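Accompanying notes for the structure given below.
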Amino acid sequence: MHKGKARAYTNIALIKYWGKENETLILPMNNSLSLTLDAFYTETSVTFSKEYTQDCFLLDGKQQNEAATKKITAFLDLVRAKADCPFYAQVDSRNYVPTAAGLASSASGLAALAGACNAALDLQLTQEELSRLARRGSGSACRSVFGGFVEWHTGDDTTSYATPVASDGWEEELSMLFILINDKEKDVSSRDGMRRTVETSSYYSGWLESTPQDLKKLKQAIREKDFQLLGETTEANALKMHATTLAATPPFTYWSPDSLRAMDCVRSLRQQGLACYFTMDAGPNVKVLCQRKDEKAILAQLKKDFQDDQLIVAHAGQGLITLPMTADDQSTTTRGVAK
């Protein structure tokens with residue numbers, strides 16, 4: 001029996017990943033750059049045992065259906081091939097983040113699973129190798145292997161992985177405020193939304209042409225610690241990504257009326273002299289990028305329009321962590337998988 005456990009934090013892309021060049025290998029159409037955060041994370045334990053007769057996937061204590069388990073099995077097959085391990089596995093994953101609501105639960109979830117498998121089977125993977133492995137489960141997961149600012153590079157199966165972006169610790173001066181508009185599962189998944197956009201959106205070519213320049217600006221902002229440039233570039237890049245979905249066939253959007261209200265609120269705060277900018281991923285929730293020195297003032301203003309339980313404060317988070325297994329993590333037998 002082989003056991004391992006790991007924790008990974010979510011990351012929010014400032015330069016978005018939107019579209020796959022290769023869906024099987026999960027290779028991106030463009031480079032992306034993210035900030036790993038401390039507010040949301042996933043802890044995952046995995047047990048490989050000769051006693052199991054099939055893979056089992058538990059999410060927040062509930063056994064998942066065949067479709068969800070099939071995705072985990074595909075990832076475990078990669079690990080089993082790498083480790084020459086013939087055993088089935090039980091995966092017990094706990095999300096301290098709403099699942100599939102545009103809050104990057106797949107990033108933390110698959111990064112944590114990669115780390116747990118690495119520990120369980122003593123693969124001794126480097127961070128680069130862990131990033132490549134996590135990418136095969138969920139593209140953005142490759143960035144959650146690292147803390148702070150992280151860039152995910154395009155390439156082939158061996159050259160597409162994430163690397164830290166040097167920042168001299170500037171990320172510690174930043175905050176990201178989450179406005180939770182909706183924590184329910186979204187109608188169009190990121191995977192389906194990307195595919196539809198790449199295949200049908202008349203705006204997609206413009207997205208690909210403009211993203212390298214956005215990336216260059218963002219790196220300059222990090223290098224020069226220029227918050228205004230960081231914020232303006234982040235917000236513009238998010239709006240361009242979401243514009244591509246409106247030109248897809250059929251068109252779709254992840255925005256809700258309250259998403260628009262939150263974006264208007266951020267613009268209004270800027271006009272009042274509070275430096276803050278918004279970004280959104282594939283979901284209705286709005287993230288507000290600001291400086292720590294302005295965090296309390298901005299939060300106080302947001303509380304005039306949103307409930308306290310809709311607002312969560314996040315700061316820069318750390319990379320993948322291997323955790324010790326405890327007696328409560330997993331039993332050696334689980335319904336449906338043990339002999």
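The values are calculated or read from the model by the stated rules, or taken from the named source; none is laboratory data. Given the structure is predicted, the values throughout are model-derived calculations rather than measurements. Note: ideal-geometry Cβ built from the backbone for every residue, glycine included; neighbour counts use all protein chains shown. Calculation scope for accessible area: heavy atoms of the full protein, side chains included, ligands and nucleic acids excluded. Shrake-Rupley method; radii C 1.70, N 1.55, O 1.52, S 1.80 Å.
So if I place +1 on the C-beta of Lys and Arg and -1 on the C-beta of Asp and Glu, and nothing else carries charge, what would the dipole magnitude of the chain be about its Cα centre? I want it in debye, nearest 20.
Details: 38 positive and 42 negative charges, 49 e Å.
The dipole of the chain has a size of about 240 debye.
List the relative contact order of region 64-213 as a percent without decimals, with contacts defined as Cα pairs under 8 Å and 6+ residues apart. Could you put the intermediate results ahead of the total?
On the way: 133 pairs, mean separation 27.1, N = 150.
For region 64-213, the relative contact order is 18 percent.
For helix 127-137, what angle does its Cα long axis make with the longest principal axis of the chain, in degrees from 0 to 90 and rounded to 10?
90 degrees
Which value, in Å² rounded to 10, gives the accessible area of ASP77 with a 1.4 Å probe and all protein chains present?
For ASP77, the solvent-accessible surface is approximately 80 Å².
Output the peptides 44-57, 196-209 sorted from most to least packed, where packing is the average of other Cβ atoms within 10 Å over each peptide's residues.
On the way: 44-57: 21.1, 196-209: 15.8.
Top to bottom by mean Cβ count within 10 Å: 44-57, 196-209.
In the Gaussian network model of the chain, springs joining C-alpha atoms below 10 Å, which of ALA114, ALA248, ALA134 carries the largest mean-square fluctuation?
Comparing ALA114, ALA248, ALA134 in the GNM, the peak value goes to ALA248.
Count the DSSP beta bridges whose two residues both fall in the chain, then state the antiparallel fraction as a percent rounded to the nearest 5. Don't jump to the answer; show the numbers that get you there.
Numbers: 51 of 55 bridges.
The antiparallel fraction comes to roughly 95 percent.
Would you kindly calculate the mean projected area, averaged across all directions, of the convex hull enclosing the Cα atoms of region 189-339, in square nanometres?
Values: hull surface 57.4 nm².
Hull-based average projected area comes out at 14.3 nm².
Relative contact order of region 136-293: what whole-number percent is it, with Cα pairs under 8 angstrom and at least 6 residues apart? Don't skip to the end; give the middle numbers.
Working: 197 pairs, mean separation 42.5, N = 158.
For region 136-293, the relative contact order is 27 percent.
Suppose a student asked you for the relative contact order of region 8-128, using Cα pairs under 8 Å spaced at least 6 residues apart; what percent would you report? Mind showing how you got there, number by number?
Working: 195 pairs, mean separation 37.8, N = 121.
Relative contact order of region 8-128: 31 percent.
Please list, ordered by chain and number, the residues whose modelled amide H lies under 5 Å from the amide H of CYS56; skip anything fewer than 5 residues away on the same chain.
So CYS56 has HN proximity to ALA89, GLN90, VAL91.
SER201's amide H: which non-local residues (gap 5+, or another chain) put their own amide H closer than 5 Å, with H modeled 1.01 Å from N in plane and none for Pro or chain starts?
THR249
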